[in-house]
Amino acid sequence: MDNLSGNSISVGLLGCGVVGAGVAKLLAQNGDLIASRIGMEIKLAKAADINPDAVADLNLADGVYTNDAMDVINDPTIPIIVELIGGQGIAKDFVLAALNKGKTVVTANKALIAAYRDEIAEACEKSGADFLFEASVGGCMPVIKSLRESLVSNKVDSIFGILNGTCNYILTQITQEGMPFDQALAQAQELGFAEADPTLDVEGMDTVHKLALSVALAFGTRVNYKEIYVDGITRITPLDITIAAEFGYSVKLLAIAKNHGDFVEARVHPTMISHDNLLSSVGRNMNAVKIVGDAVGEMVLYGAGAGMMPTASAVVGDIVDAARNIQLGCHPRIPAFSYQPAAIRELPLMPMDELVSRYYVRFSALDRPGVLSKVSGVLAKYSISIASVHQKGRHTEGPVPIVMLTHEAKEANIRKALEEVGSLDVIAEAPMLIRIEDENQE
């Protein structure tokens, strides 16, 4: 394959949307800087998009644009294919086609990797192709590089991540401005932090995809993302966040993974964390990940988790790694999924019912004598011990909120208890539950 011309290497881009356009702009804008660092030019040889308007502002050279992705993949002079189409449809076909030709693939497509990890790994193993996906988790933060390279000598014990800027922005606005969820979401959409259809974000599935990849790289196991427990942020209210603050906690949508040796714990849900926890101060649309390793201890990465140029920066970083590997004839230098294929284990995910945690529970109760004793009685029936109780005074007619923080309890028991409490005639609506992640639980 004639993929090197003098001191340059050619790249083919599939998808010229927000991130694709950012990659094209960054290669043009900082091309000389990149060349001065790596000793060769990264040349955008072809860029494919079905919509010619997508490249109108990119000032591409004549002959670079095409509406046919396979024209890019089949070009023998292009060794690096950058897939930024997104989704799990045609993008999968293009990625596998490129890998099967032995070409390096760079992508930011976490949903595709989470769903088709085994097929991608098989294609890489058969053809010897490189597969790089730094931008798929944490935007500009080097989460993937840290897990695959920097922490190669560490047994990773746990990962705690704020991995979705939309959710973090919404929770920040609820916290700082007292906005209800719907208003905070509308503002996030106006500012471009949330999609027109924000379901994948606010229901937690975007974070699940990212956690599945992180678990695979950190713990050396295959993960079915559909088996990861997920709960979104749509039921979080300003009242919950206010009361959490009174107890010394912030509420964040956390991706949590823990290595228990013979099994793995992986879950995504709103979580109360202490104000002393570094992640509690991560605001607006920013992301952060705390990785705990047996040698390094705690390591925290912080940065923009999305956006045109931050994500493009991570993509171009992968392109440069790929170019260096090809120039030196040493690709693939690192296994795509961190571990040698023969060393990857089949570790089961811990059932959510087995989780032991502390809990925040809020009940909307009728203002009648004996309500608290009824609720406490049900919790005691399921071996749930109450650490503290907070009852807001009446300001309007109707139910009043009762909030309890529990000592450690089993998830299965708390669920059964809340189902029974919810059926009491003195409870006006389904109880609210938020898990508490204290430092001493780690």
Relative to the present Cα-Cα distance, how much length would full extension add between ARG222 and LYS126 at 0.36 nm per residue of separation?
32.7 nm
Compare LEU58, LEU151, LEU328 in a GNM of the chain, Cα atoms joined below 10 Å, and give the one with the largest fluctuation.
LEU328
With a cut-off of 8 Å between alpha carbons and a minimum separation of six or more residues, what is the relative contact order of segment 352-441 in percent?
47
Multiply the residue separation of GLU298 and THR234 by 0.36 nm, subtract the distance between their alpha-carbon atoms, and state the gained length in nm to one decimal.
20.0 nm
Which percentage, to the nearest 5, of the DSSP beta bridges contained in the chain is antiparallel?
65
Could you give the distance between the Cα centres of segment 1-69 and segment 201-256, to the whole Å?
36
Is it possible to state the helix-based mean residue ellipticity at 222 nm for the chain, with each DSSP H run of 4+ residues giving -39500 (n - 2.57), the sum divided by total residues, to the nearest 500 deg cm²/dmol? What is it?
-10500 deg cm²/dmol
Give the relative contact order (percent, whole number) for segment 163-225; include only Cα pairs under 8 Å separated by 6+ residues.
29
Residues other than ASN109 with Cβ under 10 Å of its Cβ, Lys/Arg counted +1 and Asp/Glu -1, net out at +1
The alpha-carbon center of segment 97-159 and that of segment 400-441 are separated, in whole Å, by 39
Out of (1) 45; (2) 21; (3) 26, which label holds the value of percent of Cα pairs over 40 Å apart that was computed here?
(3)
Roughly what would the spin-label model give for THR199 and GLN340, points 7 Å off Cα along C-beta, in nm?
4.4
Report the Cα-based extents of segment 352-441 along its three principal axes, largest first, to the nearest Å.
39, 24, 18
Per-residue HN-Hα couplings for segment 346-351, Karplus 6.51 cos²θ - 1.76 cosθ + 1.60 at θ = phi - 60°, whole Hz, x for Gly and Pro?
9, 9, x, 7, 5, x
Angle between the Cα long axis of helix 205-219 and the longest principal axis of the chain, 0 to 90 degrees, nearest 10?
70
Two-site FRET efficiency, ILE90 against SER373, from Cβ-Cβ distance with R₀ of 51 Å, rounded to 0.05
0.25
Distance from a point 7 Å along Cα→Cβ of PHE247 to each backbone N in segment 263-285: keep the residues under 15 Å and list them by number.
270-276
For segment 167-191 versus segment 325-377, the gap between their alpha-carbon centres in whole angstrom
25
With each pseudo-label sitting 7 Å past Cα toward Cβ, what's the ASN51-ALA28 distance in nm, one decimal?
1.8
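None of the figures in this text is laboratory data; all of them are computed from the coordinates on show. What you are looking at is a predicted structure, and each value in this text was computed from that prediction instead of being measured. Neighbour counts run over all protein chains shown; Cβ positions are idealised from the backbone, glycine included.
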